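The values are calculated or read from the model by the stated rules, or taken from the named source; none is laboratory data. Everything quoted here is computed from the prediction, not taken from an experiment. A quick note on method: Cβ atoms are made from the backbone with ideal geometry, for glycine too, and the neighbour counts reach across all protein chains shown. Note: areas computed on protein heavy atoms with side chains; ligands, DNA, RNA excluded. Shrake-Rupley method; radii C 1.70, N 1.55, O 1.52, S 1.80 Å.
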Amino acid sequence: MRFLSHVLALFALAVFTAQPAVAQSILRDAETEAFLRDISAPLVEAAGLEPGNVDVVLINDPSINAFVAGGQAVYIHAGLIDAAESANEVQGVIAHELGHITGGHVIRIGEGYQTAGRISLLTMLAGIGAALAGAGEAALGIMAAGQQAAMGKFLAFSRTQEASADAAGAQYLSEAGITGRGSLEFFGKLLNQEFRRGIRQDDEAGFYRTHPLSGDRMAKLREVYTVDPAWDAPLDTDWERRFARIKAKLQGYVAKPEATLRDYPETDTSTPALLARAYAYHKQARIDRALEAADTLIAREPTDPYFLELKGQVLLESGRADQAIEPLRQATDLTRAEPLIASMLGHALIATEDKGNFEEAERVLRAAVGRDRYNPFAWYQLGVVYAARGDMARARLASAEQQVMSRQYPLALRSAQAAEAQLPYGSPDWLRAQDIAMEARAWMEQLCEMNRARCDTRRR
Ligand SMILES: [Zn+2]
């Protein structure tokens, strides 16, 4: 599980197409993504959406919220997973969010947009200005704050929209044969403010405000759910087992280690507890304890790729890249090169600084970005490998990929143009370099126009 701040790029389009945008980091973890994909698949299908086109994205934010943005994507805050007590509760939320997507609510948010849009764009431009001036980190901070302010104003669905998303969500759950109990329990807890004790004021703005809850809504949902044939359907034990794991893992990764060790004490030897503690120890730099937990898990289930991945991550991040390779290689094989795991293997191979490992690194990293382009870190690593073997054209192209994803447009433009000049004319890589240059230039021009600043990005 890792943080990736390239979320800015993922959401970039949303800013300019008048859709809600945020600039928080996303959490990417192979196991969590597979889980979210699997539990939402039957709902996506029931909604009549193309399964491959709907992403469920985990946002690194402790508040309890979920929203839709940028077309067919459902964003779930880490805080919501933490607050949910079952996979079924999360499914209730996803079904509702899908209802907003199919209802076209993303596009039709009307009032409040103007204000929100202005806040968003102005702070973003301030951020870009700072970024160009070289204050990268500060700029990201400014943008994040601005986007968040905008989102709060932006995302308050109307009561009509809520009612329609509720009805649609209930229908999808029903068609998928999934009980609405979790949905009712989760919304009920929110309505009864059970979650709101000790939550900061601005966090309260979460799900409760985004999706205005009311007793009426709950009553209506209850009415629909309880007569549904799926009401008494048992919970899927596999989904629930996996939920307990990813919930524990997530807490281990995002929460303070002390809190994790309190919630999952040593006396708890369950798999979720070991996962949570492994991350907590890792964060405390108690590497031996973290490895001990990982080894216990591997002994229980030697072919579980996520246990091997965990061990590899702990070793890699504690400076033992050479030892990390074997478990990561196994995890990569077991998942048929799941892109996030494969890119971690690539990272470990490069981190050994042994040139003998670079060929394998290139192979796994290329496979990783081939399946999932949105991994700026993998592109960065790939650039390192290319540069190491003197292929500067491809190194520049890899940099361009990474930079455009991180919204460093002037840099991306420069890298892409340098790559284009050196790559074989008309080759796929040459075309790609052109595409990136075009994309970077378009963004720069758009930003300039909005800023009403005089600038020329045609040639640099
Ligand atoms: Zn809603």
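Could you work out how far apart the two model spin labels at Ala41 and Ala219 are, taking each label as a point 7 Å from the Cα in the direction of the beta carbon, and quote it in nm?
In this crude spin-label approximation the distance works out to 4.0 nm.
If the chain between Asp391 and Thr267 were fully stretched, how many nm would it gain, using 0.36 nm times the residue separation less the Cα-Cα distance?
Result for the pair: 39.3 nm of gain on full extension.
Simple spin-label model, 7 Å along Cα-to-Cβ: Thr226 to Gln446 in nm?
If labels sit at Thr226 and Gln446, their model points lie 4.9 nm apart.
Any lysines with Cα under 27 Å of the Lys283 Cα? List them, leaving off those in the same chain fewer than 8 positions away.
Within the straight-line limit of under 27 Å, Lys283 reaches these lysines: Lys247, Lys249, Lys256, Lys311.
Please get the size of the charge dipole for the range 290-331, origin at its Cα centre, with Cβ charges of +1 on Lys and Arg and -1 on Asp and Glu, quoted in debye to the nearest 20.
Here the size comes out at about 40 debye.
Using a probe of 1.4 angstrom, how much of the accessible area of the range 276-348 is carbon and sulfur, in percent?
Result for the range 276-348: 47 percent of the exposed heavy-atom area is carbon or sulfur.
Give me the one-decimal nm value for the distance between modelled label points at Leu431 and Ala299, 7 Å along each residue's Cα-to-Cβ direction.
Those two pseudo-labels are separated by 5.4 nm.
By how many nm would the segment from Asn192 to Glu292 grow when fully extended, if each residue of separation counts as 0.36 nm and the alpha-carbon distance is taken off?
In short, 31.9 nm is gained.
Can you give me the long-range amide H partners of Leu58? Hydrogens built in the peptide plane at 1.01 Å from N, cutoff under 5 Å, separation of 5 or more residues or another chain.
Answer set, sorted by chain and number: Leu27, Ile76.
Could you rank Thr267, Thr179, Thr160, Thr352 by how accessible they are, 1.4 Å probe, largest area first? Working shown, then result.
Numbers: Thr267 125, Thr179 5, Thr160 105, Thr352 40 Å².
The most accessible residue leads, giving Thr267, Thr160, Thr352, Thr179.
Calculate, in nm to one decimal, what Arg159 and Arg241 gain on full extension: separation in residues at 0.36 nm each, minus their alpha carbon distance.
Length difference between fully extended and current span is 26.0 nm.
I'd like the Karplus ³J(HN,Hα) series for the range 350-362: coefficients 6.51, -1.76, 1.60, θ = phi - 60°, whole numbers in Hz, and an x wherever there's a Gly or Pro.
6, 5, 5, 6, 9, 4, x, 8, 6, 5, 5, 4, 4
Could you work out the Rg to Rh ratio of the range 298-435, with Rh taken as the Kirkwood radius (inverse of the mean 1/r over all Cα pairs)? Please report the intermediate quantities before stating the final value.
Details: Rg = 15.9 Å, Rh = 15.4 Å.
Value, to two decimals: 1.03.
Given the range 204-284, report the % of alpha carbon pairs whose separation exceeds 21 Å.
55
Mind giving me the FRET efficiency for Arg366 and Asn53? R0 is 25 Å, r the Cβ-Cβ distance, nearest 0.05 is fine.
Details: r = 25 Å, r/R0 = 0.98.
The calculated FRET efficiency here is 0.55.
How are the C-alpha pair distances of the range 292-340 spread across 5 Å bins, as whole percents from the shortest bin up?
5, 27, 31, 25, 11, 1
Show His347, His211 ordered by accessible area, largest first, where the area counts protein heavy atoms only and the probe is 1.4 Å.
Largest to smallest exposure gives the sequence His347, His211.
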